[in-house]
1. If a residue has to be under 21 Å from A:ALA98 (Cβ atoms) and more than 8 Å from chain A (Cβ to nearest Cβ) to count, how many in the stretch B:26-43 make the cut?
2. For the stretch A:18-34, give me each residue that is part of a loop (DSSP other than H, G, I, E, B) and loosely packed, with under 12 Cβ neighbours inside 10 Å.
3. Would you say B:THR22 is over 30 Å from B:ARG134 (Cα atoms), surrounded by fewer than 18 Cβ atoms within 10 Å (Cβ to Cβ), away from chain A (no Cβ under 13 Å) and not charged (D, E, K, R)?
4. Give B:VAL80, B:VAL41 a once-over and let me know the one that is out of contact with any Cys (no Cβ under 7 Å at 6 or more places or on another chain) and buried (at least 17 other Cβ atoms within 10 Å of the Cβ).
5. Check every one of the helices (runs of 4 or more DSSP H) wholly within the stretch A:81-161 and list those with 2 or more residues that are touching an Asp or Glu at 6+ places or on another chain (Cβ under 8 Å).
6. Just to verify a result, which residue in the stretch A:129-185, among those that are within 26 Å of B:ARG160 (Cα to Cα) and away from chain B (no Cβ under 14 Å), is farthest from the chain's Cα centre (by Cα)?
7. If you check A:ALA67, A:ALA37, which single one turns out to be surrounded by 21 or more Cβ atoms within 10 Å (Cβ to Cβ) and either at pLDDT 95 or above or part of a helix (DSSP H, G or I) (or both)?
Amino acid sequence: MTPVGRPPQSDPLGRTMAITTFAPLGQWLGTTPLSHAARGALRATSWLAPLDETLHILALTTLFVSAALLHLRLLGVVGKDRPVGPLARRLLPLTWSALVVLLLTGGLLVLNRPGRYFRSDMFVIKMGLVILAVAWTLVLQFGFSRDTGYWEQTTGRRVLAKSGAAVALVLWAGAVVCGRWIAYA
Amino acid sequence: MTLPPTLTDWASAVSQSDWAQTIAGSWMFPLLETVHVFSLVAVLGTIALVDWRLLGFASRDYPVTTLSRQALPWTWGGFVLAVASGALMTAGQAGEYITNPAFQLKLLLLLLAGLNMAAFHLIPWKTVGAWDTRVGPPVAARVAGALSLALWIGVIAAGRWIAFTHGA
């Protein structure tokens, strides 16, 4: 008989993408000294988990707002009266610093229960979206580092910058959504 | 903090209502959490932009009035969504939430952030024409900016602590 209410949270036969592909990685990670250290620290210090989550949210806000401001400028939605180069030089370092804090604070939570995270499709999708968004940000950074006007110099670059900006905004937003649903799927 | 019985009775009545239980036990709950995250990013992000400008840390080449005019619709839009999603999320366990010290602290910090904003508009904002483009606004404006940042970071932290704190 099929139970009513919410559907089962995971397939016990292990047919989800994450279980078949990444679960062994999570199991191995759980045996590493780093994972033991993370579990020990979180168990010994009751305020570490909420502090870690608070820093994760503050960094998430910094990354999302700095990326959104730059990408909306690239799309021509905001601040068209100012050049994009100087704006990028201010915002990209914020995006990168926030990313480091996100990886460290998120890493602590993953190391605490790696088996659980690497069995979650939502987590695996989230990491995929983050990797793509970071790759795009590297491309963007590469151009701006060569020349502050790099992305405005040819039609091809302008088109690439605009399409990349639109896609990257969706990727970051998708990562936030998946992050929130890890606990439920 | 000891609460009047009428308030705790009302909270448990809310949490036992059908709609509150429906939200708490369905896909609506993570959806509301997602809305809450995006709206808090909009609120905190735009407030921090203006606060940093008031402190003279960033956006120094933007007039304060230009920055706040562009930021405010996002701040208020985000705030309305954050309050609505937050209220619907807490409804299912309203009784637990209102007796939770971290939740009470969060509400207090929100109130203080509101008072700080009111004071900012009543005092330094009156003369904004004189310091709109200045890198270092008057002391009163800088104090309001620093307090605002501290209070909103406190709101985030208190919100995160709710799940790790037990009520009376």
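1. Looking only at that region, the number is 4.
2. The first filter runs over the stretch A:18-34 and keeps only residues part of a loop (DSSP other than H, G, I, E, B), leaving A:31-32.
Correct list: A:THR31 only.
3. Working: over 30 Å from B:ARG134 (Cα atoms): yes; surrounded by fewer than 18 Cβ atoms within 10 Å (Cβ to Cβ): yes; away from chain A (no Cβ under 13 Å): no; not charged (D, E, K, R): yes.
No; evaluated as a whole, the condition is false for this residue.
4. Working: B:VAL80 fails: buried (at least 17 other Cβ atoms within 10 Å of the Cβ).
Criteria check complete, one pass: B:VAL41.
5. Details: elements: A:84-112, A:114-118, A:121-146.
Filter on the stretch A:81-161 gives A:84-112.
6. Our first condition is that a residue be within 26 Å of B:ARG160 (Cα to Cα); within the stretch A:129-185, this holds for A:129-130, A:169-185.
Keeping just the survivors that are away from chain B (no Cβ under 14 Å) gives A:129-130, A:171.
On the way: A:LEU129: 7, A:VAL130: 4, A:LEU171: 8 Å.
Top of the filtered list is A:LEU171.
7. A:ALA67
Matching residues to (1) under 21 Å from B:SER39 (Cα atoms); (2) within 12 Å of the chain's Cα centre (by Cα); (3) surrounded by fewer than 19 Cβ atoms within 10 Å (Cβ to Cβ); (4) not polar (S, T, N, Q):
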residue: A:LEU63; (1), (2), (3), (4): yes, yes, no, yes
residue: A:ASP81; (1), (2), (3), (4): no, no, yes, yes
residue: A:GLY107; (1), (2), (3), (4): no, yes, yes, yes
residue: A:TYR117; (1), (2), (3), (4): no, no, no, yes
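The values are calculated or read from the model by the stated rules, or taken from the named source; none is laboratory data. Since the model is a prediction, treat every value here as computed from it, not as a measurement. Cβ atoms come from the backbone with ideal geometry, glycine included; neighbour counts cover every protein chain shown.
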